[in-house]
Amino acid sequence: MFKNVIVRRPCRAMVDGITTADLGKPDYELALRQHDSYIEALKECGVEVTVLEANEEFPDSCFVEDVALCTKHCVIVTRPGALSRRKEVLQEDMQTALKGFFKNIEYIKEPGTIEAGDIMMVGDHFYIGLSERTNVDGANQMISILEKYGLSGSVVPLKEVLHLKTGLSYIENNNLLVAGEFVLSPIFKDFHKIVINEDDSYSANCIWVNDIVLVPKGYPTTKKAIESFGYKVIEVDTSEYRKIDGGLSCLSLRF
Ligand code: CIR
């Protein structure tokens, strides 16, 4: 169960966020309204939502998922691989929020890089994608820290996706949403897989919050497949975040 969520309001500079999507610039006003709906949906899942103010210094700073890994026993502050995002982890309000929730705070150090969008939690185990943002040193530091707290981690080399969770979401009860390069991967063979077809691959990024699954709006096949497993689904429109390669998981820290 999750009790808390941290989000950060998108800043105006989000329109210049890092992107490979080729879908045009986000509409800032619409992005704000979508963020409101995202927060409402999270509240429906029974969590307490901490909302940090927008920070114009960092265009991608609404994607708070990447700056920290929250576990049962500690929080690990990352070291983003994207240079324009590296100092996002130092934002004072984020540090203060994390310190308010966690007694144990750990940090990934140079030359390690890691963004927590590359990390998928399955119980006490954490799968870590090796990507353009997350290097071997960052992953190894993360695994050592996890082990110190009785948790474990393992690496997953990525080929195409930005982050591990761009193509994978664990929705508990051994159920895993999978798209693209992960569909046939032997690493995930023991999960019950819900395969997302190529055209809908954006919807492989969903979040489980206390037995409710948040699904991006506009993917009825994915929604039905998840509902058929007995989950309640809430759709949230993330069209403006998609334009800068972001999805549902990227927009929050859940713990
Ligand atoms: C970036 O490229 O860093 C942002 N435009 C998107 C970050 C998405 N975050 C995530 O998948 N956890």
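The values are calculated or read from the model by the stated rules, or taken from the named source; none is laboratory data. All of these numbers come straight from a predicted model, not from anything done at the bench. We place every Cβ from the backbone using ideal geometry, glycine too, and count neighbours over all the protein chains shown. Protein only, heavy atoms only, side chains kept; ligands, DNA and RNA dropped before computing areas. Shrake-Rupley method; radii C 1.70, N 1.55, O 1.52, S 1.80 Å.
The figures follow:
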item: Additional length obtainable on full extension of the chain from PHE191 to LYS217, 0.36 nm per residue less Cα span; result: 6.8 nm
item: Structure-based [θ]222 nm, the chain - -39500 (n - 2.57) summed over DSSP H runs of at least 4, per residue, nearest 500; result: -6000 deg cm²/dmol
item: The chain - accessible surface per residue (Å², probe 1.4 Å); result: 44 Å²
item: Sorted peptide list for 38-50, 237-249, criterion being average Cβ within 10 angstrom, highest first; result: 237-249, 38-50
item: Flagged links, alpha-carbon separation over 19 Å, of LYS109/LYS148; LYS43/LYS72; LYS72/LYS99; LYS159/LYS223; result: LYS43/LYS72; LYS159/LYS223
item: Surface share of carbon and sulfur [accessible, 1.4 angstrom probe, percent] for the chain; result: 51 percent
item: Cα gyration tensor, segment 107-171 - rounded (a/c under 1.5), prolate or oblate; result: oblate
item: Contour excess over end-to-end distance, with Cα ends at GLU227 and ASP36 and 0.36 nm allotted per residue; result: 66.4 nm
item: Model label zone, TYR149; criterion: amide N under 12 Å from point 7 Å along Cα-to-beta-carbon; scope segment 56-73; result: 68-73
item: Among GLY81, GLY150, GLY123: highest mean-square fluctuation, GNM of the chain, C-alpha pairs under 10 Å; result: GLY150
item: Listed residue pairs exceeding 32 Å between alpha carbons, taken from LYS87/LYS193; LYS165/LYS224; LYS25/LYS193; result: LYS87/LYS193; LYS25/LYS193
item: Binned Cα-Cα distances of the chain, short to long, each 5 Å bin given as a whole percent; result: 1, 6, 14, 19, 21, 19, 13, 5, 1
